[in-house]
Each structure stands twice: as structure tokens, then as C-alpha cells.
Amino acid sequence: MTATAADTSATPTGHPQRWLILGVICLAQLTVLLDNTVLNVAIPSLTTSIDASSADIQWMINAYSLVQSGLLLTAGSASDRYGRKKMLAAGLALFGIGSLAAGLSQSAGQLIAARAGMGVGGALLMTTTLAVVVQIFDNEERVKAIGLWATVNSLGFAAGPLIGGLMLDHFWWGSIFLINIPVAALGLVAVLVLVPESKNPLGDRPDLLGALLSTVGMTGVVYAIISGPGHGWTSAHVLVSAAVGLAFLAAFARWELSIPYPMLDMHFFRNQKFTGAVAGSILVAFGMGGSLFLLTQHLQFVLGYGPLEAGLRIAPLALSVIVLNVAGVGARLLPKLGTPKTIAVGMAANATGLAAIALLGGEHYSGMLLGLVVMGAGIAVSMPAMANTLMSAIPPEKAGVGAGVNGTLAEFGNGLGVAVLGAVLNSRFAALVPSVVGAASLPAALAAAGDDSERSRISDAFASGLETSQLVGAVAVLAGGLLAAALLARAERADTTVEPVPAA
């Protein structure tokens, strides 16, 4: 995705319609990112409409993010080699077709397959949009353009529950996918008319085996985590899945080290700045993805809100991120505090928000509101610092690969957050109420309860499970922030102690 001499359309002063093109790109990007979280508010509807179990729900969410994360780097390499405009158009078309299939699904299996197909289109869109932004803007305007692109990322990730709740308040669950179709069609026409083509025919060829190994490996590990509560953590079912996943990930690492065109250059991880930024990015995505998965269930199952009401009550998280990103709070703090302290402060705020949601939002929304605002502030402070660190830790000619690595691991963190925190919830719930083991979902467990006392006990146990899982997420985010800050501080100290070699 890095521009080279072979790029044909970039101009020194930027493309004359660059801001209009940026609007089109942000619209396409927003649609893809909304689908990371829009499904969360549909969980109650899916459990009743198509008899989806808790494991089915987690796979509906994870199928999209896992496929997308497994293909991000390959998609970026393909766009560089075969044409960014072509890949962007192909991504919009695939995303629209997948959305149609998802909206018309009649079973959990069909919806999971459709979500996986949408993940393929999403991978093409996520990589090519940033590549086109870099292509059409000159150096002076590029920082501002990428800042707007990043703000749309935050908006899309956090506003999904609100959009989903609005649709579900008026239509059936399939509408949250069908709404993507006119947006994808509009975006496809705009891309074909407005976006200039560029490609680097001498670039690295796609690493198809690497994409296969990484996707299978991550799927195996996450499947083991999802299956753990139901089958038992020491069961053959879980252990075999985990072993297969880890074996494929090890093979992926070995393959990447042995080829001249790796999808993921493993040598990047020798750089402590890069490793610290990656650790922070994964844990932010882990906390956000897992917490939003839990929050929508908390608001609807425990506090009794409808889908739209639940979406509106999550909106302060999105507003907090957007307001602080637009104001440039994180960018202004960075030169004052330095990168390690900025990341530590942001991640600590993120963890504090998660803990406040768990401890103060159990029975009342006011405590949850405070946690959402603090969590959003932490994301707005930490994310710009981590992105800047990641991109400055690798050679400029590998900037596109660095962005792909960040996107891949963030998507993996999101899927892992849903899987791990969902598993903690299910384990705690089953431990408190052994009679619900084997129940497909909370509504199913409540329906099977004998009396009001039993239903109350089941609801209280579910709320306790939510609190425990949210606290686990808070601890993980705080640990990730401290780890990232420590690695970055150590790297900075190493840089200052290296003395230049005198010339002969």
C-alpha cells in the first residue's frame, strides 16, 4: 500500500476532488466498521427468531472479524499489485452481496456463513480505503485526512449498537444487514467514477498460504475459548481445537520467516516500540469488543431496555471518542507527556471505565454512563499515540504493511475479547446456577425456570457473571497499557544511550 514510482495517479498537490473522494471512502469505511458491533443489539431477537444459542451468537460476531483479520494483509498486498481502485470496488460488491445473504438468512448456520463472506469484502475495504487516502492527499493535508479517517473508525466501532437499535425498533433483525446494500451500491458507483487507479506491479505478491495458516490458527484458538464453558476446559473437544489452532499459528510464524514476501514480517517484533504499540492495540480492541458484547446484553437482559434504548445508552461512548478526537486531545497530550505516559494514561482510563461499568452499572444506568464516558476518553487519548508509535517504528517503505498489521491484530483483539469475556460470563453463570448448564441462552434458561424465585436467581447470576467478565476485561486492558508503556519507555531509553560510531 506504500506509494512507489509505479503509482500512476498521485499528484504533488493532491487530487482535485480529494475531499469528495474522502467522503466516499469514509462512508464505505463506516459501513464496514458498523458491522463489527451492530449485531450486538440483535442478540435477543436472534435467540428467539432463529433459535440461536450463545455459541451461535459468538460465532456470528466472530466469523466476520476473524475472516476479515485473516485476510487484511493479503488484501492490502493484492490492492498494491492489482490496483487499489479495483480491490475497493470488489470489496464493496462482496460486502453488499454478503449483506443481502445475511439479511435473508433463515438459520444460524446461514447467517454465520454470510457474515464470513462479508468479512472478505470488509478486508478489501479496510485496506484499500487508507491506501487511497495516502494516494490522493499531499504531505501537508494527509495528516488531517487520516485523522478524519481515524475518527470515522471510532464512530463506526462505537455507533453500531445505536444504528442497530434504531433499525430493530422498527423492523426485523435482518434489516441491520439490508441497510448496507444501498450504501454499498452508492459507494461502488462513486468509486468507479471518482477514485483514480493506482498500483505497484513490482510489489510483493499475495501470501495466500500465510493467510490460510493465520485464519485457521486464530479460528481454532477462538473456537476452543468459545467451546470451553460448554464442553469443559480439559475436554478433548477443546484441547484438540486449541492444539490445532496453536499448531497452525506456529506454522504461520515459521512460514513468514522463511519466505521473501511475508504477509507479516516477524522481524518487526524485534522492535520494542512496535511490540508495545501492538500490545496496546490488541488490548484496546479486546476491551472494546468484549465490553460492547457484554453491555448490550446487560442493558437488555438485566436492565430491561429495548434494542433502540440500549443503543442510545451506549452512544455516550461514541460521542466521547469523537469529541475528543476532533478536538485533538490525544495529539496535544503526546508531546507534553511523551508516548509511554500518554498510552499509560489512556489505557488506565479505559480500564477505569470498564471497572466503573462493572461495579456501578449493575442496577442503574447512571454508573454505566460514567464508565462509558471515561472509557471513551481513554480510547481517544491512547489510540492516536499507539498509531503514531506503530507507524514510526517501521521503515517508511513498509508503512502499508504496518497499517495492515495494526488492523489485523486489532480485529483479532476484538474477536478474542468477545470470545474470552463471553466465556468468563458463561462459566460464572453456570457456576452460580448449575441447573442452567446446557441452556442455549438466558431467555431459554428463564423460560425453563419453575417459578419467580428461580427466575430471579437466574437473572441475578447472569448479572454477577457480567460483572465478573467486565472486571476481567478491565484488568486485561490495564495490564496491556502498562506493558505497552514499559516496552516503549525501555525502547526510548535504549535509543538515547546508543552513541554514534565515529567516522573513520
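The values are calculated or read from the model by the stated rules, or taken from the named source; none is laboratory data. Keep in mind that what you see is a predicted model, and the values were worked out from it rather than measured. Protein only, heavy atoms only, side chains kept; ligands, DNA and RNA dropped before computing areas. Shrake-Rupley method; radii C 1.70, N 1.55, O 1.52, S 1.80 Å.
Equivalent ellipsoid semi-axes for region 219-314, as square roots of 5 times the alpha carbon gyration tensor eigenvalues: give them largest first, rounded to whole Å.
34, 22, 10
Using a 1.4 angstrom probe on the protein heavy atoms only, line up Phe252, Phe171, Phe269 by accessible area, largest first.
Phe171, Phe269, Phe252
Mind listing the phi-derived Karplus ³J(HN,Hα) values for region 114-130, rounded to whole Hz, using 6.51, -1.76 and 1.60 with θ = phi - 60°, and x for any glycine or proline?
Per-residue couplings from phi come out as 5, 5, 5, x, 5, x, 5, x, x, 4, 5, 5, 4, 7, 6, 4, 5 Hz.
Taking θ as phi - 60°, what are the ³J(HN,Hα) couplings along region 98-111 by the Karplus curve (6.51, -1.76, 1.60), each to the nearest whole Hz, with x for Gly and Pro?
Each residue's phi maps through the Karplus curve to give x, 5, 4, 5, 5, x, 9, 5, 10, 8, 4, x, 5, 5 Hz.
Probe radius 1.4 Å, ligands and nucleic acids ignored: give me the carbon and sulfur share of the accessible area of region 293-347 as a rounded percent.
67 percent
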